Amino acid sequence: MLDGVVATSLALGLASRASVEGSWVAFVGLDLLCLPTAEEFGLDLTHVALVDDPGDQWANVMSTLVGAIDVVVTSTPERIRARDGRRLAARLRERGSVIIELKCGPRSAMQGDVVLSVDRQRWYGLGWGHGCLRSRRVTVNVSGRGAASMSRAVDLLLPGDSGRPEAVEQAAAPEVFQTYDTVADVADLTARLATKVAARTVEAGA
């Protein structure tokens, strides 16, 4: 299960790894999914299936896909019965598919074996009045059951300079002029640059 900021990007990164190895990936109930963005993350669109809005048939759709599709990415339905989640979890154990669930509400449809959450992100590439946002470093917290019961944190570039996810230890360190965590930071930079430009204009006219 994925939770927190950039959950969709993290889901695309995980699915892309399976896709490049030849697996089929299905997206269920992700109305805002952008296919060009998915392709930039490395997904092979010839091996992608889409179910935009399964409505109240979510459990039936998921049961049909499990076993037929290698990886299924879905968002948590607004209303899900506990027994549907248990039935789907049992089917997963039998069929061997993987479900990547984006938690969109107070509870998840199933109790995932592995839970990934991101609570910190930082963009790189924007300098003092020049450059563009190029890569984003995130800290992924890993927890869960069984082998994943020992919590840990991993840093990723999501995306890296290549446009695809990269492990920080495998990626070249981003060139850092100045980093900005929020839109407010960028707005503050813009205001300061505007003040400097205005001051220089006054000096030039004096």
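The values are calculated or read from the model by the stated rules, or taken from the named source; none is laboratory data. All of these numbers come straight from a predicted model, not from anything done at the bench. With ideal geometry, Cβ positions are generated from the backbone for all residues, glycine too; neighbour counts draw on all protein chains shown.
Kindly indicate whether any position in the range 127-134 is modelled with pLDDT of 80 or more and either over 30 Å from VAL66 (Cα atoms) or small (Gly, Ala, Ser) (or both).
Start the filter on the range 127-134 by keeping residues that are modelled with pLDDT of 80 or more, which leaves none.
No, because not a single residue in the range 127-134 is modelled with pLDDT of 80 or more and either over 30 Å from VAL66 (Cα atoms) or small (Gly, Ala, Ser) (or both).
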Result of the Cβ filter at 6 Å on the range 25-54, keeping first residues that are within 18 Å of SER97 (Cα to Cα) and partners that are among the aromatic types (Phe, Trp, Tyr) and crowded, with 19+ Cβ neighbours inside 10 Å, at least 6 apart or interchain, is LEU50/PHE27
Check: Could we say that SER63 is part of a loop (DSSP other than H, G, I, E, B), under 14 Å from ILE99 (Cα atoms) and over 13 Å from the mean Cα position of the chain (by Cα) here?
Finding: no
Restricted to the range 69-97 and to residues being in contact (Cβ under 8 Å) with a residue 24 or more places away in the chain and either over 19 Å from LEU2 (Cα atoms) or assigned by TED's automatic domain parsing to the domain that holds ARG164 (or both), the residue surrounded by the most Cβ atoms within 10 Å (Cβ to Cβ) is ILE69
Screening ARG152, ARG122 for residues that are surrounded by fewer than 12 Cβ atoms within 10 Å (Cβ to Cβ) and at pLDDT 80 or above leaves only ARG152
Matching residues in the range 2-45 (among the charged types (D, E, K, R) and in contact with a Leu (Cβ under 8 Å, 6 or more places away or on another chain)) number 2
The correct count of residues that are under 19 Å from TRP24 (Cα atoms) and of a type in the set (D, E, K, R) in the range 54-85 is 1
Filtering the range 18-67 for residues that are surrounded by 16 or more Cβ atoms within 10 Å (Cβ to Cβ), in contact with a Phe, Trp or Tyr (Cβ under 9 Å, 6 or more places away or on another chain) and hydrophobic (A, V, I, L, M, F, W, C) leaves a count of 6
